Amino acid sequence: MDYLVLVNRDNLLSKTYIPNNLVNSLSIYRDNIMIDNKVKRMFSLMKLDALKHGYEIDIMSGYRSYKYQDNIYNRLIRDKGFNYAFRHIAPPGASEHQTGLAVDVCVYRNNKCYIEYEICNFDEIVWLHKNAHKYGFILRYPEGMEEVTGYNYEPWHFRYVGNIASYLYFNKLTLEEYINLSKK
Ligand SMILES: [Zn+2]
């Protein structure tokens, strides 16, 4: 598995790409959220660490197939128009959820689940933004980097990249910037 694979609007995955080491994440959010085996292990360690601070997190979205992305993308175009859909959701092949290496995090407080922009300023998310790199994850779509990543700020979307996560974190680099730099 190439943990540095770059997937965005300019670097698409093929219709037939399915990662070969998907496992059940055992998330309590819902049944059968699949993710890469290594990502599952690292997320579990991070989750335990978070719990020590009293923070309860889990995975609300992991692997998404090309077909699934195609469906939600086209539904959003139908409901809200092309411009809205283009800005808010990845077209099929452009979502790194298809790699099995991306996770959307949800937060539990008193058995209630919070997601997406609700958790923006939560202590749990602030903690994650600072500590995820220790487990090989980066905040994939940081605030103010929309031009580089092609996506709006998503405080809940983390991407497993392995050992280089801390380097990216301390140098405030997106995956796009890192890959461009390493090409030079
Ligand atoms: Zn996501």
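We did not get these values from a lab; they are worked out from the coordinates using the rules stated. Keep in mind that what you see is a predicted model, and the values were worked out from it rather than measured. All Cβ positions, glycine included, derive from the backbone under ideal geometry; neighbour counts span all protein chains shown.
Kindly check whether there is at least one residue in the stretch 95-105 that is farther than 26 Å from D10 by Cβ and hydroxyl-bearing (S, T, Y). Checking the stretch 95-105: not a single residue is farther than 26 Å from D10 by Cβ and hydroxyl-bearing (S, T, Y).
Has the stretch 101-110 got any residue that is surrounded by fewer than 15 Cβ atoms within 10 Å (Cβ to Cβ), aromatic (F, W, Y) and more than 16 Å from the ligand (Cβ to nearest atom)? Within the stretch 101-110 (the criterion being surrounded by fewer than 15 Cβ atoms within 10 Å (Cβ to Cβ), aromatic (F, W, Y) and more than 16 Å from the ligand (Cβ to nearest atom)), the answer is no, since none of the residues qualifies.
Looking at the structure I just gave you, is Y55 surrounded by 17 or more Cβ atoms within 10 Å (Cβ to Cβ), more than 15 Å from the chain's Cα centre (by Cα) and within 16 Å of the ligand (Cβ to nearest atom)? Against the criterion (surrounded by 17 or more Cβ atoms within 10 Å (Cβ to Cβ), more than 15 Å from the chain's Cα centre (by Cα) and within 16 Å of the ligand (Cβ to nearest atom)), Y55 does not qualify.
Note on the stretch 134-149: residues that are β-branched (V, I, T) and within 16 Å of the ligand (Cβ to nearest atom) total 2.
Restricting attention to the stretch 166-175, which residues are more than 16 Å from the ligand (Cβ to nearest atom) and either in contact (Cβ under 8 Å) with a residue 60 or more places away in the chain or not hydroxyl-bearing (S, T, Y) (or both)?
Listed by number, the residues that qualify are L168, F170, N171, K172, L173.
Taking the numbered list (1) away from the ligand (no atom under 13 Å from the Cβ); (2) among the β-branched types (V, I, T); (3) in contact with a helix residue (DSSP H, G or I) (Cβ under 9 Å, 6 or more places away or on another chain) in turn, V126 passes all entries but (3).
Taking the criterion of being in contact with a Ser or Thr (Cβ under 9 Å, 6 or more places away or on another chain) and of a type in the set (G, A, S), would at least one residue in the stretch 161-171 satisfy it? Checked the stretch 161-171: no residue is in contact with a Ser or Thr (Cβ under 9 Å, 6 or more places away or on another chain) and of a type in the set (G, A, S). Considering the stretch 1-34, and only residues there that are polar (S, T, N, Q) and in contact with a strand residue (DSSP E or B) (Cβ under 9 Å, 6 or more places away or on another chain), the residue that is surrounded by the fewest Cβ atoms within 10 Å (Cβ to Cβ) turns out to be N32.
In contact with an Asp or Glu (Cβ under 9 Å, 6 or more places away or on another chain), more than 16 Å from the ligand (Cβ to nearest atom) and not aromatic (F, W, Y): which single residue out of N152, N131, N121 fits that description? Exactly one residue qualifies, and that residue is N131. So is N163 in contact (Cβ under 8 Å) with a residue 40 or more places away in the chain, out of contact with any His (no Cβ under 6 Å at 6 or more places or on another chain) and away from the ligand (no atom under 14 Å from the Cβ) or not? So N163 fails the test. Taking the stretch 169-184 as the range and being under 18 Å from the mean Cα position of the chain (by Cα), of a type in the set (A, V, I, L, M, F, W, C) and surrounded by fewer than 18 Cβ atoms within 10 Å (Cβ to Cβ) as the test, only I179 passes. Within the stretch 139-157, residues that are free of Cβ contacts under 8 Å to residues at least 60 places away in the same chain sit with their Cβ atoms under 8 Å from residues that are among the small types (G, A, S), at 6+ positions apart or across chains, in these pairs: L139/A132; R140/A102; Y153/G144; H157/A102.
Among the residues of the stretch 98-150, the one identified as over 25 Å from N171 (Cβ atoms), in a strand (DSSP E or B) and among the aliphatic types (A, V, I, L, M) is V107. Note on the stretch 21-53: among residues that are touching a residue at least 24 places away in the same chain (Cβ under 8 Å) and among the polar types (S, T, N, Q), the one that is farthest from V107 (Cα to Cα) is N21.
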